[in-house]
């Protein structure tokens, strides 16, 4: 009988040891919260930097396409034709010299969903290509700063 009671007591203790206590669950939640905070603090600024880097890369690609256009057409696209001249033949342009298929497959928007700005003649070079950054307004600082072709 004594062995039977000891066995029941051990079985009852084993049942109580299954599962987690409230304190253990709270400790895990605090740890997850700390890890999330650490990731947000360290990863989100990297995403902003990546968007600026993509913008600079897009501008370099557009600059190369403009140079190919100039070599074929003997001048850069007019202001009113804009960067669209890199994907479709502008009105009044010589169709025989225009590269079949255009100079870029598609015209990218900046990472914030706005079209790149093209100025010809440029205020800072022969032409200017720019994005107003994350805020969409001229000027700005840090991640909201303008990304421009003449400072690359």
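The values are calculated or read from the model by the stated rules, or taken from the named source; none is laboratory data. All of these numbers come straight from a predicted model, not from anything done at the bench. Cβ coordinates were reconstructed from backbone atoms using ideal geometry, including for glycine residues, and neighbour counts include every protein chain displayed.
Within the stretch 105-132, which residues are closer than 19 Å to residue 74 by Cβ and touching a helix residue (DSSP H, G or I) at 6+ places or on another chain (Cβ under 6 Å)? Of everything in the stretch 105-132, those that are closer than 19 Å to residue 74 by Cβ and touching a helix residue (DSSP H, G or I) at 6+ places or on another chain (Cβ under 6 Å) turn out to be 118, 125.
Surrounded by 11 or more Cβ atoms within 10 Å (Cβ to Cβ) and without any contact (Cβ under 8 Å) to a residue 60 or more places away in the chain: does that describe residue 65? The answer is yes for residue 65.
Scanning the stretch 131-142 for residues that are under 16 Å from the mean Cα position of the chain (by Cα) and either surrounded by fewer than 16 Cβ atoms within 10 Å (Cβ to Cβ) or assigned to a strand (DSSP E or B) (or both) yields 131, 135, 136, 142.
Condition check: exposed (fewer than 13 other Cβ atoms within 10 Å of the Cβ) and either free of Cβ contacts under 8 Å to residues at least 12 places away in the same chain or over 19 Å from the mean Cα position of the chain (by Cα) (or both). Does residue 109 satisfy that? Here the answer is yes, as residue 109 does meet what is asked. Taken together, the residues in the stretch 61-77 that are assigned to a helix (DSSP H, G or I) and either more than 20 Å from residue 127 (Cα to Cα) or in contact with a helix residue (DSSP H, G or I) (Cβ under 8 Å, 6 or more places away or on another chain) (or both) amount to 5. Filtered by the rule that a residue be under 30 Å from residue 148 (Cα atoms) and touching a helix residue (DSSP H, G or I) at 6+ places or on another chain (Cβ under 9 Å), the stretch 18-55 gives 45, 48, 49, 51, 52. Residues considered: 114, 60, 70, 119. Of these, the only one that is within 16 Å of residue 148 (Cα to Cα), more than 23 Å from the chain's Cα centre (by Cα) and modelled with pLDDT of 95 or more is 119. Residue 90 passes every criterion in (1) out of contact with any helix residue (DSSP H, G or I) (no Cβ under 6 Å at 6 or more places or on another chain); (2) modelled with pLDDT under 95; (3) more than 18 Å from residue 77 (Cα to Cα) apart from (3).
Do you know which residues across the stretch 78-106 are in a loop (DSSP other than H, G, I, E, B), free of Cβ contacts under 8 Å to residues at least 40 places away in the same chain and surrounded by 12 or more Cβ atoms within 10 Å (Cβ to Cβ)?
Result: 81, 87, 88, 89, 90, 93, 97, 98, 99, 102, 103.
For residue 127, the requirement of being within 14 Å of residue 60 (Cβ to Cβ) and either modelled with pLDDT under 95 or surrounded by 14 or more Cβ atoms within 10 Å (Cβ to Cβ) (or both) is met.
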